[in-house]
Amino acid sequence: MRRAGPAGFSLIELLVALAVLAVIAAIGVPSWQGLMRDTRLTSTSNEIFTALFHARSEAIRRGRRATLCTSADGEWCATGVDWHAGWMLFEDGNDNGRRDAGETIVAVSGARSGRLRITGNDPVRNYVSYVPTGMTRTTSGALQMGRFTICHGGRGRQIVISASGRPRVVAGVVCDD
């Protein structure tokens, strides 16, 4: 015999459906977070990698030193801030590794939000400078080799700058966040 009235779900059917949905969400959310973390790592390391190649090509094209430095405001180089605060690329006409009035800004990248960290070891802590031969040099003329470490959620990547000035990406780095 059929009941009169609208057909619907019983309370037990609704609770079972909610339990199944909760299990699927519990499995999917950590995977989604991991995917987002890996995407941020990849895009940020690609952006730094591209900025280094851009600096190298600008130095070669212009026939003058091009410097990529940490910058919190996009106008002036800043020491004491890490690369996640932002950076800028400029034509370094007087070869001092700092942007001075009248030196052309070529590109700027703003600060990164969240737990993403970008640090450079001592040789590239504050700047990377390319000379017209396409090699990296400090302001004193010494070779400038180093590495950037990009970390987020315990995982990371490194960008290593070789003696020739060419950067390469190393994936699978474990970080202490």
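Using 7 Å Cα-to-Cβ label points, what is the Ser162/Leu35 separation (nm, one decimal)?
3.5 nm
Considering only protein heavy atoms, what is the solvent-accessible area of Glu13 at a probe of 1.4 Å, reported in Å² to the nearest 10?
Roll a 1.4 Å probe over it and Glu13 shows about 100 Å².
Averaging over every viewing direction, what projected area does the convex hull of the Cα atoms of the stretch 111-177 cover, in nm²?
Computing the convex hull of the Cα atoms and averaging its projections yields 5.0 nm².
Could you report the stretch 13-174's accessible area per residue, 1.4 Å probe, as an integer in Å²?
Values: 8350 Å² over 162 residues.
Value returned for the stretch 13-174: 52 Å² of accessible area per residue.
Please give the helix 11-62 orientation as an angle from the longest Cα principal axis of the chain, in degrees from 0 to 90, rounded to the nearest 10.
10 degrees
Over the chain, what per residue volume does the convex hull of the Cα atoms give, in whole Å³?
That works out to 170 Å³ per residue.
What is the Cα centroid distance between the stretch 113-128 and the stretch 155-169, reported in whole angstrom?
The stretch 113-128 and the stretch 155-169 have Cα centres separated by 13 Å.
Under 5 Å between amide hydrogens, which residues at least 5 positions from Ala107 or on another chain qualify, with H placed 1.01 Å from N in the peptide plane?
So Ala107 has HN proximity to Leu89.
Quick one: with all protein chains in place, what share of the accessible area of the stretch 13-174 is carbon or sulfur, to the nearest percent (1.4 Å probe)?
Carbon plus sulfur share of accessible area: 58 percent.
Helix-derived [θ] at 222 nm for the chain: sum -39500 (n - 2.57) over DSSP H runs of at least 4, divide by residue count, nearest 500?
-11000 deg cm²/dmol
The values are calculated or read from the model by the stated rules, or taken from the named source; none is laboratory data. Values in this document were obtained by computation on a predicted structure and should not be read as measured data. Cβ coordinates were reconstructed from backbone atoms using ideal geometry, including for glycine residues, and neighbour counts include every protein chain displayed. These area figures cover heavy atoms from the full protein model, side chains too; ligands, DNA and RNA do not enter into them. Shrake-Rupley method; radii C 1.70, N 1.55, O 1.52, S 1.80 Å.
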